Amino acid sequence: PSSPSGSWDDDARTGIVLACVLTLGASALAGLITVMPSVRRVMGPWWLVPPLVLGAVAAVRWGLLGA
């Protein structure tokens, strides 16, 4: 298959990278919130699973974009 060459392809790639960066940032923020000591723990550590899964998917997608 040929590689993408249209300007719309560059825009799509930029959008994918932006989405990956924002997802990884949100995952990092969720991790920081979890590790910070708090006075009262309302939610258990299980709530961190969805951001971590999304972060892993974003990292893999971003990695595949460069391939």
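The values are calculated or read from the model by the stated rules, or taken from the named source; none is laboratory data. The shown structure was predicted, so the numbers you read here are calculated from the model rather than taken from an experiment. Surface accessibility is based on the protein's heavy atoms, side chains included, excluding ligands, DNA and RNA. Shrake-Rupley method; radii C 1.70, N 1.55, O 1.52, S 1.80 Å.
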Handout entry: Relative contact order, percent, the range 7-66 [alpha-carbon distance under 8 Å, six or more residues apart]
Key = 52 percent
Practice task
Could you give the spread of the C-alpha atoms of the range 7-66 along their three principal axes, from largest to smallest, in whole angstroms?
Solution key: 51, 14, 13
Practice task
Would you work out what percent of the accessible area of the range 7-66, with all protein chains in place, is carbon or sulfur (probe 1.4 Å)?
Solution key: 77 percent
